[in-house]
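Undergrad: I'd like to ask you about the structure that follows.
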Amino acid sequence: MKILISEIEKKENKKDILNFSEIIEEFNNEKPVTAKLEVEVLDTTIILTGKIHAEVNLTCDMCLKDFTKVLDFNVKEAYTRYNLNEGYNAEYEVKSNNFTEDLNGSDEIDITDFIYQCVILHIPNKLVCDINCKGDEKLSEYLNTTKTDPRLEIFKNIKIEKDK
Ligand SMILES: [Zn+2]
């Protein structure tokens, strides 16, 4: 889904509500990612706010099984039409936050890409299928039966003398 800022500007209050529903292949899930976003044009700044729902198929780091992670979160992002570094609209430069993306004069925003990036940011670094996941049995068995470092064997024979 792509939107044109010039089209949003023609709407009442320069606002529009987008109902997004698309399957994003990278998430390996047959259910579409859905979102309800409000787009508002304020001079040279375009603000996107709303909710995103995504189901992403991932592989558990612990047991190596595939699982589905359901993500529901709010987003708020600002785009600016012009390059802030070129001295346009200094007042927006001051107000802008870290999330401001530069469109470099483009009239188009790729909403699919925006949502994709938002979902990626919400996927945790450590992927665990369940809080009770005990990990892969064969893998943990292997880790438990591997021999201890022979350099550490010496400590087994050390007798600690207690103070009398
Ligand atoms: Zn697991």
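The values are calculated or read from the model by the stated rules, or taken from the named source; none is laboratory data. Keep in mind that what you see is a predicted model, and the values were worked out from it rather than measured. All Cβ positions, glycine included, derive from the backbone under ideal geometry; neighbour counts span all protein chains shown. Areas reflect the complete protein model, heavy atoms only, side chains present, ligands, DNA and RNA absent. Shrake-Rupley method; radii C 1.70, N 1.55, O 1.52, S 1.80 Å.
Undergrad: Could you please give the count of residues in the range 8-52 that are in a helix (DSSP H, G or I) and either more than 17 Å from Ile109 (Cα to Cα) or in contact with a strand residue (DSSP E or B) (Cβ under 8 Å, 6 or more places away or on another chain) (or both)?
TA: 8
Undergrad: Any residue in the range 25-46 that is without any contact (Cβ under 8 Å) to a residue 12 or more places away in the chain and open to solvent by 70 Å² or more (accessible area, probe 1.4 Å)?
TA: Yes, some residue in the range 25-46 is without any contact (Cβ under 8 Å) to a residue 12 or more places away in the chain and open to solvent by 70 Å² or more (accessible area, probe 1.4 Å).
Undergrad: Can you pull out every residue in the range 61-94 that is farther than 26 Å from Glu22 by Cα, hydrophobic (A, V, I, L, M, F, W, C) and modelled with pLDDT of 90 or more?
TA: Met62, Cys63, Leu64
Undergrad: Of the residues Leu58, Leu37, Leu48, only one is touching a Gly at 6+ places or on another chain (Cβ under 8 Å) and modelled with pLDDT of 95 or more; which?
TA: Leu37
Undergrad: Let me ask something else. Run down Ile115, Ile154, Ile120, Ile109 and say which single residue is away from the ligand (no atom under 16 Å from the Cβ) and at pLDDT below 80.
TA: Every option except Ile154 fails the conditions.
Undergrad: Does the range 48-65 hold any residues that are free of Cβ contacts under 8 Å to residues at least 40 places away in the same chain and loosely packed, with under 15 Cβ neighbours inside 10 Å, and which are they?
TA: Those that are free of Cβ contacts under 8 Å to residues at least 40 places away in the same chain and loosely packed, with under 15 Cβ neighbours inside 10 Å: Thr49, Lys51, Asn57.
Undergrad: Applying the selection to the range 104-143, what residues are aliphatic (A, V, I, L, M) and in a helix (DSSP H, G or I)?
TA: Listed by number, the residues that qualify are Ile111, Ile115, Val119, Ile120, Leu121, Leu139, Leu143.
Undergrad: Can you give me the number of residues within the range 120-141 that are of a type in the set (A, V, I, L, M) and either loosely packed, with under 12 Cβ neighbours inside 10 Å or farther than 15 Å from Leu71 by Cβ (or both)?
TA: Residues flagged as of a type in the set (A, V, I, L, M) and either loosely packed, with under 12 Cβ neighbours inside 10 Å or farther than 15 Å from Leu71 by Cβ (or both) within the range 120-141 amount to 3.
Undergrad: To continue, here is another question. Residues that are at pLDDT 95 or above and either closer than 20 Å to Lys10 by Cα or within 16 Å of the ligand (Cβ to nearest atom) (or both): does the range 22-32 have at least one?
TA: no
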